[in-house]
Amino acid sequence: MNLQASARHLVSVLLLITAPLMAVATSAAPPIAVTPIAVTPIAVADEGQMQAARWRKQQLATVASRMEQAETDEQRLEFAARQSWLRRWSPGEMPSAPKSAPDESELVMEPLLKALERPANISKENWKRLISLQSSLHAIDTDDERKENLRQIIPLAKKYERELTTALTDEQLRFPSTTGWVLAHARYRLGRALAYRELPTVREAWPIAEPILYEQSLMAAHDSLLKLTGESRTEFILLDDRMLRRSGAKGRALELLEANKAFIDPKWYLKKRRDLLQELGWDPPYQEAATHFTQAGYVD
């Protein structure tokens, strides 16, 4: 009993000694600060690129599978074009438009009839009429006013093209003679104006009342241009691109656009790239392309 009493007494003494020390330590201990983790823009961008990279990998697998299942050469060409573009694209590293674009050094600009010598087989009156038709078309068929002037551009372009083919001989219109280039540009202007009819804002203001007739007119205009030139020409690449795009060959249209970007006005290149990516349903590259378009200072 004495031993147990001694042990209890020793524990009591130890408690009396350590209690004040524990109280001091507790009161003196600073609170533990919890610092919130800041999410930096770089971290957000990195995460976005990682998600885009995962999407790219999945999309490449999907495209490869669809290419294997393709039943026609046209389908295989389309999926091969989509695969080619996706393989080149690295999330976060999409290039902007070439600063030097468009490179017009290799392009044949539209010859002006008023600067050419009148052919001997054409009367002065007829030549003046052709010059007047070309000048009038140029005055209203501009990038800034084309949409608003389509009701005047289309019939004028048709008349101008018809008068050229009537006044000039087949030999004079043979491509790539100077007057052959005049006709090629006339047909391009007509095809481009017809293609503009499909733009949403244009269709709202001027609905296509006869879709079948319209389709025939557009196809005929493009076919007549290709028949004249014999092949796709860089000068008229935007119409060729539009025809691929509207046929559903959006991958081929995108690759055609990329292959000719040095010859395309930066605004049109950035806009059409953005729009094609959106139509393909490729959201990650579309978002990147849309940022490039906006940062370049362009608006639709």
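From 170, 143, which residue is modelled with pLDDT under 95, surrounded by fewer than 17 Cβ atoms within 10 Å (Cβ to Cβ) and either under 19 Å from residue 242 (Cβ atoms) or not small (Gly, Ala, Ser) (or both)?
So the residue among 170, 143 that is modelled with pLDDT under 95, surrounded by fewer than 17 Cβ atoms within 10 Å (Cβ to Cβ) and either under 19 Å from residue 242 (Cβ atoms) or not small (Gly, Ala, Ser) (or both) is 143.
Cβ-Cβ contacts under 8 Å between residues 6 or more apart (or on different chains), taken from a first residue in the stretch 163-174 that is closer than 15 Å to residue 125 by Cβ to a second residue that is charged (D, E, K, R), are listed as 163/129. The test for being in contact with a His (Cβ under 9 Å, 6 or more places away or on another chain), of a type outside the set (Phe, Trp, Tyr) and not in a loop (DSSP other than H, G, I, E, B) does not hold for residue 164.
Checked against (1) within 23 Å of the chain's Cα centre (by Cα); (2) modelled with pLDDT under 95, residue 43 passes all but condition (1). Put simply, of 225, 244 the only residue that is within 17 Å of residue 110 (Cβ to Cβ) and either free of Cβ contacts under 8 Å to residues at least 40 places away in the same chain or in contact with a Lys or Arg (Cβ under 6 Å, 6 or more places away or on another chain) (or both) is 225. If you filter the stretch 285-299 down to residues that are under 12 Å from the mean Cα position of the chain (by Cα) and touching a residue at least 12 places away in the same chain (Cβ under 8 Å), you find that the one that is nearest to residue 87 (Cα to Cα) is 285. Residue 232 meets each of the listed conditions (1) surrounded by fewer than 19 Cβ atoms within 10 Å (Cβ to Cβ); (2) at pLDDT 95 or above apart from (2). A search for C-beta distances below 8 Å between a residue of the stretch 50-74 that is in contact (Cβ under 8 Å) with a residue 12 or more places away in the chain and any residue that is in a loop (DSSP other than H, G, I, E, B) and not basic (Lys, Arg), counting only pairs 6+ apart in sequence or on different chains, returns 52/91; 52/92; 53/91; 56/89; 56/91; 59/282; 74/249. Inspect the stretch 203-212 for any residue being in a helix (DSSP H, G or I) and surrounded by 14 or more Cβ atoms within 10 Å (Cβ to Cβ) and give the result as yes or no. No. Looking only at residues of the stretch 262-274 that are modelled with pLDDT of 95 or more and basic (Lys, Arg), we find that the one that is surrounded by the most Cβ atoms within 10 Å (Cβ to Cβ) is 273.
Does residue 277 qualify as being surrounded by 17 or more Cβ atoms within 10 Å (Cβ to Cβ), without any contact (Cβ under 8 Å) to a residue 40 or more places away in the chain and touching a Pro at 6+ places or on another chain (Cβ under 7 Å)?
So residue 277 fits the description; yes.
Cβ-Cβ contacts under 6 Å between residues 6 or more apart (or on different chains), taken from a first residue in the stretch 98-112 that is within 13 Å of residue 177 (Cα to Cα) and assigned to a loop (DSSP other than H, G, I, E, B) to a second residue that is hydrophobic (A, V, I, L, M, F, W, C) and at pLDDT 80 or above, are listed as 108/181; 111/181; 111/182.
Does residue 61 count as aliphatic (A, V, I, L, M), surrounded by fewer than 17 Cβ atoms within 10 Å (Cβ to Cβ), at pLDDT 95 or above and under 25 Å from residue 189 (Cα atoms)? Answer is no for this residue. Where helices (runs of 4 or more DSSP H) fall wholly inside the stretch 224-300, the ranges with 2 or more residues that are among the β-branched types (Val, Ile, Thr) are 283-295.
The values are calculated or read from the model by the stated rules, or taken from the named source; none is laboratory data. Predicted model only: the values in this text are computed from it and were never measured. Quick reminder, even Gly has a Cβ in these numbers, built from the backbone with ideal geometry, and neighbours come from all protein chains shown.
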